[in-house]
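Derivation of every value follows stated rules applied to the coordinates shown; laboratory data play no part. Not measured: the values here are computed from a predicted model. Don't worry about glycine lacking a Cβ; one is built from the backbone with ideal geometry, like all the others, and counts go over all protein chains shown.
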Amino acid sequence: MSTRPNLSLDGLLAELAELARISEGEPPVVTRVVFSEADLRARAYVKGLCTAAGLTVREDAIGNTFAHWQGREPELAPVGTGSHIDAIPNAGSYDGTVGVLGGLEAIRVLRQLGFTPRRSIELVIFTAEEPTRFGIGCLGSRMMASVLIPAQALALRDKEGRGLEELRAQAGFNGALESVALAGGHYYKFVELHIEQGPLLEQEGIDLGLVTAIAAPASLRIQIEGEGGHAGGKLMPGRKDALTASAELILALESAAKSTGAIDTVATVGVCEVFPGAVNSIPSRVRLETDIRDIDGARRDRVLENLKAACADVANRRGVAVATELVNADPPASCDEEILAVMEASAKEAGRSYKRMVSRAYHDSLFVARIAPVAMLFIPCRGGVSHRPDEYASPKWVGAGVHVLARTLARLAS
Ligand SMILES: [Zn+2]
């Protein structure tokens with residue numbers, strides 16, 4: 001690795017653009033929901049690129065895809081890299097895809113340079129990082145790490161009520177779901193390249209973020225049952241308005257998150273469904289979906305407990321029924337100091353600026369951390385914008401990420 005990697009940046013950018021065109025939406029909109037026709041076409045495209053690069057491709061029972069470059073000592077645990085290619089409705093071209101096609105490009109560069117890894121290097125494309133279809137994020141990596149067991153997976157349904165079993169079979173993925181789980185130590189190290197999805201790197205003019213911790217997400221679903229009625233006929237005393245009760249809960253969550261005093265605590269109510277949803281009808285039922293995150297799991301759980309206490313209090317005072325369901329509450333992940341040191345040395349060697357930072361968004365690496373030491377490498381994205389069609393990472397940023405990833409993989413696999 002004495003020479004500068006011969007990065008074929010134009011080729012990679014063309015592949016990112018080609019992948020973005022495989023979408024259920026009109027360009028520049030990228031929509032690729034897991035197991036949809038667009039998802040399957042995108043998988044076929046990426047698998048074709050991996051095979052053309054000389055990698056051996058395997059898929060597991062949930063559709064996680066592994067492109068393997070065998071090392072000189074294949075009995076050693078491989079070095080892993082990768083991300084996801086599914087995209088939420090109305091998304092952009094870089095979330096996840098930079099880690100997949102950028103990871104592939106890093107491997108191609110190393111092969112072109114005649115590098116022969118001691119450990120095998122494996123590119124992983126995780127199934128359904130986005131929660132769009134089944135309401136739970138990181139389906140593939142969760143199952144890989146046995147955080148979601150097959151019985152729980154089989155209970156998942158999409159909005160049309162179609163089960164995971166039916167949908168994966170239709171997408172061509174069969175076999176026992178038990179076989180998706182990988183043993184601890186399966187990967188020697190795992191590195192995920194990703195866009196920051198926040199504004200800090202761009203604002204500070206820094207090429208790369210070396211991620212030291214990934215925040216822990218929790219989600220509580222709340223259903224409030226009140227009493228409906230005519231908006232004119234039913235007088236204010238004695239109303240059991242489910243939406244005004246919900247308003248108290250939304251504000252209680254905001255105040256609980258602010259009260260920790262920590263910049264890393266964030267909480268959001270992103271879904272509020274009102275029934276019956278008519279202007280002249282008192283809301284009888286509301287469903288809220290909440291998202292609470294922190295890099296400190298205990299602090300995050302205190303916010304969650306405050307929210308549950310607010311639910312009990314509001315139910316009591318307003319005479320409504322409040323039911324809660326914990327959708328997920330995952331622990332945070334600390335990144336591996338050895339990988340961070342290797343990324344740091346690689347960034348220096350490549351002449352790229354970097355800073356250590358935390359990831360407030362969660363990623364497949366949060367779950368891979370259960371079975372392997374992980375770290376993430378962030379590149380800037382314009383305005384911090386992500387999950388929108390105008391999501392953008394400049395060729396310079398993408399190039400820096402791939403360059404440093406290639407050097408990192410080479411060092412880890414040597
Ligand atoms: Zn992502």
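Counting other Cβ atoms within 10 Å, which chymotrypsin sites (Phe, Trp or Tyr not before Pro) in the range 15-114 have at most 15 and lie in a DSSP loop?
For chymotrypsin sites (Phe, Trp or Tyr not before Pro) across the range 15-114 that sit outside H, G, I, E and B with at most 15 neighbouring Cβ atoms in 10 Å, the list is empty.
Sort largest first and round to whole Å: the equivalent ellipsoid semi-axes of the chain, each the square root of five times a Cα gyration tensor eigenvalue.
41, 23, 20
Full extension from residue 281 to residue 316: what is 0.36 nm times the residue separation minus their Cα-Cα distance, to one decimal in nm?
Result for the pair: 10.3 nm of gain on full extension.
As a test of the formula, what do you get for the chain when each DSSP H run with n ≥ 4 contributes -39,500 (n - 2.57) and the sum is divided by the residue count, at 222 nm and rounded to the nearest 500 deg cm²/dmol? Working shown, then result.
On the way: 12 runs with 145 residues, N = 414.
Calculated mean residue ellipticity at 222 nm is -11000 deg cm²/dmol.
Full extension from residue 9 to residue 329: what is 0.36 nm times the residue separation minus their Cα-Cα distance, to one decimal in nm?
In short, 111.3 nm is gained.
Hey, can you rank 13-22, 201-210 by average C-beta count inside 10 Å, highest first?
201-210, 13-22
Charges only on Cβ, +1 for Lys and Arg, -1 for Asp and Glu: so what's the dipole of the range 5-155 about the Cα centre, in debye to the nearest 20?
Here the size comes out at about 400 debye.
For the range 217-303, report the % of Cα-Cα distances exceeding 17 Å. Numbers along the way, then the final one.
Working: 1947 of 3741 pairs.
Of all Cα-Cα distances in the range 217-303, 52 percent exceed 17 Å.
In degrees between 0 and 90, to the nearest 10, how far off the longest principal axis of the chain does helix 297-318 point, with axes built from Cα atoms?
On a 0 to 90 degree scale, this one is about 20.
Any chance you could give the angle, 0 to 90 degrees and rounded to 10, that helix 337-349 forms with the longest Cα principal axis of the chain?
Helix 337-349 and the main axis of the chain meet at about 60 degrees.
Over 22 Å between Cα atoms, which of 47/159; 189/348; 258/308; 47/348 qualify?
Exceeds cut-off: 47/159; 47/348.
For the chain, what proportion of DSSP beta bridges, expressed in % and rounded to the nearest 5, is antiparallel?
Expressed as a percentage, antiparallel bridges in the chain total about 70.
First measure r as the distance between the Cβ atoms of residue 305 and residue 344, then evaluate 1/(1 + (r/R0)^6) with R0 = 56 Å and state the FRET efficiency to the nearest 0.05.
With R0 = 56 Å, the Cβ-Cβ based efficiency is 0.90.
For the range 294-372, what is the convex hull (Cα atoms) projected area averaged across all directions, in square nanometres?
7.3
What is the distance, in nm, between label points placed 7 Å from the Cα along the Cα-to-Cβ direction at residue 248 and at residue 396?
5.4
Between the range 289-305 and the range 69-96, what's the alpha-carbon centroid distance in Å?
So the two Cα centres are separated by 28 Å.
Counting other beta carbons within 10 Å of each residue's own, what order do 289, 337 fall into, fewest first? All intermediate terms of the calculation are to be shown ahead of the outcome.
Working: 289 17, 337 11.
Ordered by Cβ neighbours within 10 Å, fewest first: 337, 289.
Could you give the distance between the Cα centres of the range 344-414 and the range 165-200, to the whole Å?
Cα centres, the range 344-414 to the range 165-200: 18 Å.
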